Amino acid sequence: GRGFGSPELDRAADYLATQFREAGLQPAGDDPDSYFQNWRARGGDPEREVVLKNIVGFIPGTKPEWAAQSVVVGAHYDHLGLGWPDAHQGEVGMIHPGADDNASGVAVLLELARVLGKTWQPERTVVFIAFSGEEAGRLGSQHYVAHTSRWPVADIIGMLNLDSVGRLGQNKLMVFGTASADEWLHI
């Protein structure tokens with residue numbers, strides 16, 4: 001269930017880092033050769049302090065004048081585990097697998113990395129992030145924003161957040177957050 005601080009969440013992080021490496025993404029974690037951005041957080045049931053990890057890789061941009069700019073493609077890989085912090089009614093203590101929240105977003109993130117990672121040469125750097133701690137209050141995305149220095153937050157020109165991908169009820173595609181920036185409206 002990839003719950004807060006669980007061994008399954010750690011295994012998922014290791015798997016994602018391996019997939020980023022195999023896709024050809026360059027590491028952008030805390031250390032030059034690492035995909036892991038680590039931090040400590042409190043939460044869970046019972047509450048405890050754990051190490052959480054964002055997995056961060058990138059495809060470098062080709063335009064030197066845009067070197068500080070980035071586009072972020074992200075998805076969260078954590079879920080509710082045994083139901084913390086939001087157990088579904090009658091399912092306390094049962095595994096909440098999260099296939100559509102958010103294994104589906106991670107699947108698209110990994111496929112984009114696999115298809116683009118070794119051959120694409122974008123003009124701006126594209127940063128791929130698998131966030132942790134999102135179910136516990138967007139901890140991973142907040143940590144990334146507060147601790148990224150390589151690509152300043154002010155120079156992130158856009159983000160594509162992949163979440164609950166594939167819910168195509170009646171074959172309708174829904175894209176949310178499109179009014180979050182004037183630049184996106186034409187798309």
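The values are calculated or read from the model by the stated rules, or taken from the named source; none is laboratory data. These numbers were taken from a predicted model, which means no experiment stands behind them. So basically every Cβ, Gly included, is an ideal-geometry build from the backbone, and we count neighbours across all protein chains shown. What goes into the accessible areas is simple: the full protein's heavy atoms, side chains included, and nothing from ligands, DNA or RNA. Shrake-Rupley method; radii C 1.70, N 1.55, O 1.52, S 1.80 Å.
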Legend entry - Global geometry of the stretch 1-128, whether rounded, prolate or oblate, following the gyration tensor of its Cα atoms and the 1.5 cut on a/c: prolate
Legend entry - Net charge, E22 excluded, C-beta distance under 12 Å - Lys, Arg +1, Asp, Glu -1: +3
Inset, instruction - Normalising by the residue count of the stretch 95-176, find the relative contact order in percent from Cα pairs under 8 Å and 6+ residues apart. - result: 51
Inset, instruction - Determine the per residue accessible area of the chain with all protein chains present and a 1.4 angstrom probe, expressed in square angstrom. - result: 57
Legend entry - Candidate lysines - alpha carbon under 27 Å from K118, same-chain residues fewer than 8 apart omitted: K53, K63
Inset, instruction - Counting only C-alpha contacts under 8 Å and six or more residues apart, can you give the relative contact order of the stretch 1-73 as a whole percent? - result: 26
Inset, instruction - Give me the percent of the accessible area of the stretch 1-116 that comes from carbon and sulfur atoms, probe 1.4 Å, all protein chains in place. - result: 54
Inset, instruction - Work out, step by step, the length gained on full extension between Q89 and D30: first 0.36 nm times the residue separation, then minus their alpha carbon distance; give nm to one decimal. - result: 17.4 nm
Legend entry - Per-residue SASA entry for S180, accessible area with 1.4 Å probe, Å² rounded to 10: 100
Inset, instruction - Using Cα pairs closer than 8 Å and at least 6 residues apart in sequence, work out the relative contact order for the chain, in percent. - result: 27
Inset, instruction - Heads up, I need the accessible area for I129: 1.4 angstrom probe, whole protein in place, Å², nearest 10. - result: 0
Legend entry - Helix-only CD estimate at 222 nm, as mean residue ellipticity for the chain, using -39500 (n - 2.57) per DSSP H run (n ≥ 4): -6500 deg cm²/dmol
Legend entry - Per-residue SASA entry for T18, accessible area with 1.4 Å probe, Å² rounded to 10: 50
Legend entry - Percent antiparallel among DSSP beta bridges (both partners in the chain, rounded to 5): 55
